[in-house]
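J.: Here it is, the structure in full.
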Amino acid sequence: MADPAASGQLLDTPLHDLHVELGARMVPFAGYDMPVQYEGIIAEHTWTRENAGLFDVSHMGQAFLIGPDHETTSKALETIVPSAISSLKPGRIRYTVLLNDEGGIVDDLMVTRPAEPDTDGRLFLVVNAARKDVDFPMIAAALPEGVRLEILDERALVALQGPKAAEVLAKHVPGADQMGFMTSMDAAFDGIDVKVSRSGYTGEDGYEVSVAAGAAEALSRALLSHDEVKPIGLGARDSLRLEAGLCLYGHDIDETTSPVEGDITFVLQKSRREAADFPGAARILKEFNDGAARKRVGFRLEGRAPAREGAEVLSADGEKVGVLTSGGFAPTVGAPIAMGYVATAHAEDGTPVKIVVRGRELPARVAAMPFVEHRYYRKPA
């Protein structure tokens, strides 16, 4: 696929005209013309935490991996990811990462095993927008005969996030409120075929809904007709995920960082660690067992001034020990927060540090993440 950003030509999502109609401020993002805000980042952030926000994430890459059976298809994907895909149950979702030969993260992605019996041998993939042109050729090149990649260019993706998301979506998709976290189902939204997953990128309960591009606007207007739902832009999406302590690819993780350094070792299921048959296994398992030289951590800054990506992190005695990869003011916390990498000796929660912002050394402390407690839905036992 051609990279639109390389030619300077921005692509539109199927919801572009709706964003303009709703008064969004549009900005370039990952090769697309995307809404950064509608009424303001803080207002949209707070609305999502208290009600339900609708996000256009149609720029993400969607695809099917298709083989003769689940075992064959999952084993093909396991050659380039460190997670146990073969043990994934029908209707379940797994977060994982594509790895290069050095154990660096090529991308993070969501892998779904559809629940429907006639879909055995299929995996549904959602990858980051800015990495589609890297991920899909890499995946295709790793596939054995009999397994193929089907890129779904004609689908849109929206996310409905917040504490009122379940009650709203259930009015259009019966049973959606009974789904567990990180589960998926094929369903009908007012007669429109959709794929619904109970997942998201805000730390709140919520859903992602994949739909044919031509039906995306009707679906979105139906959701926005509810008083509990407002459109939310990229600005609040970023502040929400930062409060949730979630990585943004190309910033908090990239091809130089391993899952251990990135503090996402939950992608390394025991069976895969024991097999040690994934790319970069020697490096990753050594770091897993012995510790990595650096680690992704959170920071809470004193005062009100935010620190941004690229700011240096100093130890209490002024030695450079790390760098920020994300940062900003956290509306829910009411204070500036950040995340980044520090030498492991300085990674313990509560460690005092200084962060350099425009020549000033601002006092801060290493802090546990998430900064705002996750509110993902868990089914009663």
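J.: Put +1 on the Cβ of every Lys and Arg and -1 on every Asp and Glu Cβ in the chain; which of H226, S239, G121 then has its Cα farthest towards the positive end of the dipole?
T.: S239
J.: Further question: If region 1-111 were replaced by its equivalent ellipsoid, with semi-axes equal to the square roots of 5 times the Cα gyration tensor eigenvalues, what would those be, largest first, whole Å? All intermediate terms of the calculation are to be shown ahead of the outcome.
T.: Working: eigenvalues 223, 74, 39 Å².
Over the Cα atoms of region 1-111, the ellipsoid semi-axes are 33, 19, 14 Å.
J.: For D101 and D227, calculate 0.36 nm times their separation in residues minus their Cα-Cα distance, and state this gained length in nm to one decimal. Don't skip to the end; give the middle numbers.
T.: Numbers: separation 126, 0.36 × 126 = 45.36 nm, distance 4.93 nm.
So the chain would gain 40.4 nm between D101 and D227.
J.: Largest first and to the nearest Å, give the Cα extent of region 248-324 along each principal axis.
T.: The principal-axis extents, from largest down, are 47, 26, 18 Å.
J.: Mind grabbing the base-10 log of I(q)/I(0) for region 224-381 at q = 0.12, 0.13, 0.15, 0.16 Å⁻¹? Debye formula, identical points on the C-alpha positions, no solvent, two decimal places.
T.: Cα-only, vacuum Debye calculation for region 224-381: -0.59, -0.68, -0.85, -0.93.
J.: Give the calculated FRET efficiency between A368 and F181 to the nearest 0.05, with a Förster radius of 22 Å applied to their Cβ-Cβ distance.
T.: Details: r = 21 Å, r/R0 = 0.95.
Rounded to the nearest 0.05, the efficiency is 0.55.
J.: Shape call for region 78-203 from the C-alpha gyration tensor, a ≥ b ≥ c root eigenvalues: rounded (a/c under 1.5), prolate (a/b greater than b/c) or oblate? Provide the component values of the computation, followed by the final result.
T.: Details: a/c = 1.94, a/b = 1.68, b/c = 1.15.
In terms of gyration-tensor shape, prolate.
J.: Shifting gears a bit: Taking R0 as 22 Å, what FRET efficiency do you get between K75 and D153 from their Cβ-Cβ distance, rounded to the nearest 0.05?
T.: The calculated FRET efficiency here is 0.25.
J.: Please build a GNM for the chain, connecting alpha carbons under 10 Å apart, and tell me which residue among Q269, Q37, Q62 fluctuates the most.
T.: Q269
J.: Under a GNM of the chain (C-alpha, springs under 10 Å), which listed residue has the highest mean-square fluctuation: E71, E21, E167?
T.: In the Gaussian network model the winner is E21.
J.: Tell me, what HN-Hα J-couplings in whole Hz come from the Karplus equation 6.51 cos²θ - 1.76 cosθ + 1.60 at θ = phi - 60° for each residue of region 340-357, using x for Gly and Pro?
T.: Residue by residue, region 340-357 yields x, 10, 9, 4, 4, 4, 10, 9, 6, 3, x, 4, x, 9, 10, 10, 8, 10 Hz.
J.: Label points 7 Å out from Cα along the Cβ direction at A276 and A213: separation in nm?
T.: 4.6
J.: Additional query: What is the distance, in nm, between label points placed 7 Å from the Cα along the Cα-to-Cβ direction at R308 and at K286?
T.: Spacing of the two 7 Å Cα→Cβ label points: 3.7 nm.
J.: Can you bin every Cα-Cα distance in region 97-167 into 10 Å intervals starting at zero and give me the percent of pairs per bin, rounded to whole numbers?
T.: P(r) for region 97-167, in whole percents per bin: 14, 42, 32, 11, 1.
J.: On to the next question. Between E145 and A115, what is the spin-label point distance in nm, taking each point 7 Å from the Cα along the Cα→C-beta axis?
T.: So the two model labels end up 3.7 nm from each other.
J.: Determine the gain in length on full extension of the stretch R375-A293; use 0.36 nm per residue of separation and subtract their C-alpha separation, reporting nm with one decimal.
T.: On the way: separation 82, 0.36 × 82 = 29.52 nm, distance 3.18 nm.
Extra length from R375 to A293 when fully extended: 26.3 nm.
J.: Would you mind telling me the antiparallel percentage of the DSSP bridges in the chain, rounded to 5?
T.: Details: 79 of 84 bridges.
Looking only at bridges with both residues in the chain, the antiparallel portion is about 95 percent.
J.: Around V57, which amide H atoms from residues at least 5 apart in sequence, or from another chain, sit under 5 Å from its own amide H, with H modelled in the peptide plane?
T.: Amide H to amide H, under 5 Å and 5 or more residues apart or across chains, V57 pairs with L157, V158, A159.
J.: In the chain, which whole DSSP H runs stretch at least 15 Å along their own axis (Cα) and average 1.0 or higher on the Kyte-Doolittle scale?
T.: Values: long enough: none.
Sorted by number, there is nothing, because no helix extends far enough and scores high enough.
J.: In whole percent, and with a 1.4 Å probe on the protein chains, what portion of the accessible area of the chain is carbon and sulfur?
T.: Numbers: 8060 of 15880 Å².
After summing per-atom areas, the C and S share lands at 51 percent.
J.: I need the Debye-formula profile for the chain: one equal scatterer per C-alpha, no solvent, reported as log10 I(q)/I(0) at q = 0.09, 0.10, 0.13, 0.14 1/Å, two decimals.
T.: The computed values of log10 I(q)/I(0) come out as -0.53, -0.66, -1.14, -1.31.
J.: Same structure, new question: On a full-extension model of 0.36 nm per residue, what is the gain between D190 and T46, subtracting their alpha-carbon distance, rounded to one decimal in nm? Walk me through the numbers before you get to the answer.
T.: On the way: separation 144, 0.36 × 144 = 51.84 nm, distance 2.87 nm.
49.0 nm is the gain from fully extending D190 to T46.
J.: For a quick check of your reading of the filter: which trypsin sites (Lys or Arg not before Pro) in region 269-366 sit in a DSSP loop and have no more than 16 other Cβ atoms within 10 Å?
T.: Numbers: sites: K270, R272, R273, R283, K286, R294, K295, R296, R300, R304, R308, K320, K354, R358, R360, R365; in loops: R304, R308, R358.
Qualifying residues, ordered by number: R304, R308, R358.
J.: Now, a different point. When the label point is put 7 Å from the Cα of D349 along its Cα-to-beta-carbon vector, which residues of region 293-332 have a backbone N closer than 14 Å?
T.: The answer is 297-300.
J.: If you don't mind, there's one more thing I want to ask. With a 10 Å cut-off between alpha carbons and a GNM built on the chain, which of G180, G23, G262 moves the most?
T.: Of G180, G23, G262, the Gaussian network model singles out G23 as fluctuating most.
J.: Still on this structure, please answer the following. Could you give the semi-axes, largest first, of the ellipsoid that matches region 170-209, computed as the square roots of 5 times the alpha carbon gyration tensor eigenvalues and rounded to whole Å? Let's see the in-between values first.
T.: Working: eigenvalues 60, 18, 16 Å².
Working from the Cα gyration tensor, I get semi-axes of 17, 10, 9 Å.
J.: Something else now. For region 219-251, list residues with backbone N below 15 Å from a point placed 7 Å from the Cα of K171 toward its Cβ?
T.: Flagged as within label range: 219-231.
J.: Another question, then. So what are the three principal axis dimensions of region 150-264 from its Cα atoms, in whole Å, longest to shortest?
T.: 45, 34, 26
The values are calculated or read from the model by the stated rules, or taken from the named source; none is laboratory data. Since the model is a prediction, treat every value here as computed from it, not as a measurement. Every residue, glycine among them, receives a Cβ derived from its backbone with ideal geometry; neighbour counts consider all protein chains shown. Just the protein is used for accessible areas: all its heavy atoms, side chains included, with ligands, DNA and RNA removed. Shrake-Rupley method; radii C 1.70, N 1.55, O 1.52, S 1.80 Å.
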